[in-house]
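Chemist: Starting off with a structure, shown below.
The values are calculated or read from the model by the stated rules, or taken from the named source; none is laboratory data. Note that this is a predicted model, so its numbers are computed, not measured. Cβ atoms come from the backbone with ideal geometry, glycine included; neighbour counts cover every protein chain shown. Each accessible area value is taken on the protein alone, full model and side chains, heavy atoms only, with ligands, DNA and RNA left out. Shrake-Rupley method; radii C 1.70, N 1.55, O 1.52, S 1.80 Å.
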Amino acid sequence: MIELWRGVVNAWECDELGHMNVRFYLAKASQAIANLAEAAGLNPIHRPDASATLIARDIHVRFLAETHPGAPVFIEGGILDHDATSATAVLVMRHSGSGKPAASYRLVLGHASPKDGRDFAWPRRFAERADRLAVDYPDFAAPRGLSLDTPATKASLERADALGLQPIGRGRFGPQEMDGFGWLGLEFLLGRISDSVTNFAGAFPEEWEMHARGGGDRIGSALLECHIRPHRWPRAGDGYVVRSGLKSAGPKVRNLVHWVLEPATGRPWWTMEGVAAPMDLEARRLREVPDAVREALETACIDGLSA
């Protein structure tokens, strides 16, 4: 793997859990992808005047170790495979001091027109350079709590109503969230979920009850792994609603499915499955789930729910 990004975890990138918010893992990965593209012989893919860019078609992230304010980190990566119009990239964020992995990424990237988002063939120079950037898939990056092979769901507002998916977030996309082409920036695929998930009382009753009491135990909901499927890319001013359901629940973790939908049409912007757990913010470890809570969560699971 080659180094693609190096920097630090800024205090303003950290959230109420005391570590870097999940959106910034994708923000830094976006810069790493641009540097990987350049290493593969492409022109700058994020410039507003670019004739080609790379658009994420499928994203898998594992969060392997906490990153706290001030921590120096770097991202390395390469190309796992490619075809005529797309490539699969593997990235690893590491702590600079120890080299310990902090996160891993597997991204399917389409070589696309920034005007209409359609994929088209790589330039001739790409194939040779991509082969020189070839990497193996690290064992620690492989999916653990979910499957990447599950067929994509037909998400819609109508289906969300029929399944009883809980509304946990709603709003509008702002101009500050757009990239140089006017499309939603990669990091907000996680950012909007992060901004909404605390409202998911059915999946995190421990945290919901804490807030209902006005305080008490220091509990947060920690994302351990996620699989994101972008369907369409919003523009500034477009609206969204997040509808969520519980797919499964275990002794510590629970699988959540989120559909981010356009209210005006009912069509999906993106869908996501996440593996998450309540975290004890004092002890800095996952909380054990009492049997009664786990049984209630299992009862609330929706059969066949997928992202």
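Chemist: Residue-wise, which Karplus ³J(HN,Hα) couplings in Hz belong to region 263-278, taking 6.51 cos²θ - 1.76 cosθ + 1.60, θ = phi - 60°, and x for glycine or proline?
Modeler: 3J(HN,Hα) across region 263-278, in whole Hz: x, 5, 10, x, 7, x, 8, 8, 10, 8, 10, x, 9, 9, 7, x.
Chemist: Also, I was wondering about something else. Mind checking the dipole of region 1-139: about its Cα centre, +1 per Lys or Arg Cβ, -1 per Asp or Glu Cβ, Debye to the nearest 20?
Modeler: I would put it at about 240 debye.
Chemist: When a/c reaches 1.5 or more, the comparison of a/b and b/c decides; with that in mind, is region 65-117 rounded, prolate or oblate per its Cα gyration tensor?
Modeler: prolate
Chemist: Counting Lys +1, Arg +1, Asp -1, Glu -1, what net charge surrounds M93 among other residues with beta carbon under 11 Å of its beta carbon?
Modeler: +4
Chemist: Just in region 187-236: which trypsin sites (Lys or Arg not before Pro) are loop by DSSP and have at most 16 other Cβ atoms within 10 Å?
Modeler: Passing sites in region 187-236 are R218, R232, R235.
Chemist: Right, next: Taking amide H atoms as placed 1.01 Å from N in the peptide plane, list the residues 5 or more away in sequence, or in a different chain, whose amide H sits under 5 Å from that of D15.
Modeler: Here the answer is N21, since their amide H atoms fall under 5 Å of that of D15.
Chemist: Carbon-plus-sulfur fraction of the accessible area of region 221-269, 1.4 Å probe, in percent?
Modeler: For region 221-269, the apolar C and S fraction of the accessible surface comes to 52 percent.
Chemist: So what is the relative contact order for region 62-137, in percent, with contacts set as C-alpha pairs under 8 Å and at least six apart?
Modeler: Worked out over region 62-137, it gives 31 percent.
Chemist: For region 1-115, what % of the accessible area comes from carbon and sulfur atoms, probe 1.4 Å?
Modeler: C and S atoms contribute 52 percent here.
Chemist: Can you list residues whose amide H is under 5 Å from D58's amide H, if they're 5+ apart or on another chain and H is modeled 1.01 Å from N?
Modeler: Under 5 Å from the amide H of D58 lie the amide H atoms of V108, each far enough along the sequence or on another chain.
Chemist: For labels at D116 and R284 in the simple 7 Å Cα→Cβ model, what's the distance in nm?
Modeler: 5.2 nm
Chemist: Give me the angle, in degrees from 0 to 90, between the Cα long axis of helix 22-39 and the longest principal axis of the Cα atoms of the chain, rounded to the nearest 10.
Modeler: 10 degrees
Chemist: Turning to a different aspect of this structure: Accessible area per residue, 1.4 Å probe, Å², for region 36-165: what's the number?
Modeler: Spelled out: the 1.4 Å probe surface of region 36-165, per residue, equals 49 Å².
Chemist: Give me the accessible area per residue for region 231-307, probe 1.4 Å, as a whole number in Å².
Modeler: Accessible area per residue: 40 Å².
Chemist: For R232 paired with R172, estimate the spin-label separation in nm (one decimal), with each label point 7 Å from Cα along the Cα-to-Cβ line.
Modeler: For the pair R232/R172, the computed spacing is 1.8 nm.
Chemist: Go through 256-266, 278-288 and give me the packing order, highest mean Cβ count within 10 Å leading.
Modeler: 256-266, 278-288
Chemist: Between region 205-243 and region 8-81, what is the separation of their alpha carbon centroids in Å?
Modeler: 21 Å
Chemist: For K100 and R294, what is the calculated FRET efficiency with R₀ set at 41 Å and r taken between the beta-carbons, to the nearest 0.05?
Modeler: 0.85
Chemist: Ignoring ligands and nucleic acids, what accessible area does S51 show with a 1.4 Å probe (Å², nearest 10)?
Modeler: Ignoring ligands and nucleic acids, S51 comes out at about 100 Å².
Chemist: Quick one: order L157, L246 from most to least accessible surface, probe 1.4 Å.
Modeler: L157, L246
Chemist: So if I take the centroid of the Cα atoms in region 95-115 and the same for region 270-307, what is the distance between those two points in Å?
Modeler: For region 95-115 versus region 270-307, the Cα centre distance is 26 Å.
Chemist: What order do V108, V275, V8 take when sorted by accessible area (1.4 Å probe), most exposed first?
Modeler: Ranking V108, V275, V8 by accessible area, largest first, yields V8, V108, V275.
Chemist: Which net charge results for the neighbourhood of F24, defined as the other residues with beta-carbon distances under 15 angstrom from its beta-carbon, given Lys and Arg at +1 and Asp and Glu at -1?
Modeler: -3
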